Amino acid sequence: MTRTWYWAWLLIFLAPVAARADKPPRYSALMTAGQRVTGEKLADWHDKAAVPKLEAQPLLDAANPVRWLRDHSLPQPALPTAYVEMQTGDRLPGAVVDFRSGSEQPFLPLPPHLLVTPQQQLEPPRKAETQAIRVALASIRRIVWQRRSRQGYQPNTAFFRDGRSISYRAIRFGSGHVNLLIGTENRKVPWSDLAEIHLQDQPFWPAYFDDLAALCSTSESRLMQVEAVSGLIATTSLERFAQRTIGNPADSNLWVHGIQPA
């Protein structure tokens, strides 16, 4: 089963916001039971053994976990200039820089994948050999090197930087180029000529269930989706979530949260 995979730490800097009467509280949350919670302080989300809270409200209580949590001190996410969009709607901001067939190392076979240099600031749990993230080709819906003004999805379509677009019957990736089957003609197109490539449309639910099978080992697993200011959208689960601090644990600006999508 082919997957999109990476393991990285998201380093989130949360600028302190002074509480003022004319401003809403920094954080707001909706609990599964329906109550809304607001407050200025998150606590205890740096330690796996602790229970994270917004003010006095536990956020991951099994009987009433948080449905969503928002930091109002941060701007709304912006659509990045370059990104990779998954079949399930997840989005990785960054530039596609290379292609690997997965057979480069005979004793470590991998699925065909792209190497993406992320826009999001990442801090790996250990020093990475490369700054690129591997993304399985089978999970990708759209590749954007230079975002166009129109965002409609058109399957099996290549969009050029000069404004042209062309439909193709089949596509094959190489390092720095794609081979497009257009009618009966095979055309080699360098990535430097492309603004976007929209790949073949796939049914949403099978792709989503494949992700669930990777993310949730039991029926008790809880899904989590992170949306960052950079435009990152990443679905994971609490089983694939980790936390630590790089300083004073009482200061949420120094917490580091790690996620592993499918």
Looking across the range 33-50 at residues that are open to solvent by 70 Å² or more (accessible area, probe 1.4 Å) and among the hydrophobic types (A, V, I, L, M, F, W, C), the single one that is farthest from the chain's Cα centre (by Cα) is A33
Pick out the one residue from R150, R161 that is more than 22 Å from V97 (Cβ to Cβ) and without any contact (Cβ under 8 Å) to a residue 60 or more places away in the chain.
-> R150
Does the range 110-126 contain at least one residue that is more than 18 Å from P80 (Cα to Cα), of a type in the set (D, E, K, R), in contact (Cβ under 8 Å) with a residue 24 or more places away in the chain and open to solvent by 80 Å² or more (accessible area, probe 1.4 Å)?
-> no
Considering only the range 236-262, how many residues are open to solvent by 30 Å² or more (accessible area, probe 1.4 Å), of a type outside the set (A, V, I, L, M, F, W, C) and touching a residue at least 24 places away in the same chain (Cβ under 8 Å)?
-> 9
Considering (1) buried (at least 16 other Cβ atoms within 10 Å of the Cβ); (2) among the aromatic types (F, W, Y); (3) closer than 20 Å to L92 by Cβ; (4) in contact with a Ser or Thr (Cβ under 8 Å, 6 or more places away or on another chain), say which one Y168 fails and leave the rest.
-> (3)
Within the range 217-235, is even one residue crowded, with 16+ Cβ neighbours inside 10 Å and over 14 Å from the mean Cα position of the chain (by Cα)?
-> no
Those residues of the range 96-109 which are in contact with a Ser or Thr (Cβ under 9 Å, 6 or more places away or on another chain) and open to solvent by 40 Å² or more (accessible area, probe 1.4 Å) amount to V97, R100, P109
State whether one or more residues within the range 183-192 are modelled with pLDDT under 95, open to solvent by 70 Å² or more (accessible area, probe 1.4 Å) and either under 19 Å from the mean Cα position of the chain (by Cα) or under 30 Å from R70 (Cβ atoms) (or both).
-> no
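Working only within the range 83-95, note down all residues that are open to solvent by 20 Å² or more (accessible area, probe 1.4 Å), on the phi < 0 side of the Ramachandran plot and touching a Ser or Thr at 6+ places or on another chain (Cβ under 9 Å). Explain how you work it out, then say what you get.
Let us first name the residues in the range 83-95 that are open to solvent by 20 Å² or more (accessible area, probe 1.4 Å), namely 85, 88-89, 91, 95.
Applying the additional criterion that residues be on the phi < 0 side of the Ramachandran plot yields 85, 88, 91, 95.
Matches in the range 83-95: T88, A95.
Per-residue answers, yes or no, for (1) charged (D, E, K, R); (2) farther than 19 Å from H113 by Cα; (3) at pLDDT 95 or above; (4) assigned to a strand (DSSP E or B):
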residue: R126; (1), (2), (3), (4): yes, yes, no, no
residue: I143; (1), (2), (3), (4): no, no, yes, yes
residue: Q146; (1), (2), (3), (4): no, yes, yes, no
residue: G152; (1), (2), (3), (4): no, yes, no, no
residue: D162; (1), (2), (3), (4): yes, yes, yes, no
Can you tell me which residue in the range 16-31 is modelled with the highest pLDDT, limited to those that are open to solvent by 80 Å² or more (accessible area, probe 1.4 Å) and not hydrophobic (A, V, I, L, M, F, W, C)?
-> P24
Going through the range 213-241 one residue at a time, which ones are out of contact with any Pro (no Cβ under 8 Å at 6 or more places or on another chain), under 20 Å from A62 (Cα atoms) and either assigned to a strand (DSSP E or B) or at pLDDT 90 or above (or both)?
-> C216, L223, M224, Q225, V226, S237, L238, E239, F241
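The values are calculated or read from the model by the stated rules, or taken from the named source; none is laboratory data. As the structure is a prediction and not an experimental result, all values here were calculated from the model. We place every Cβ from the backbone using ideal geometry, glycine too, and count neighbours over all the protein chains shown. Calculation scope for accessible area: heavy atoms of the full protein, side chains included, ligands and nucleic acids excluded. Shrake-Rupley method; radii C 1.70, N 1.55, O 1.52, S 1.80 Å.
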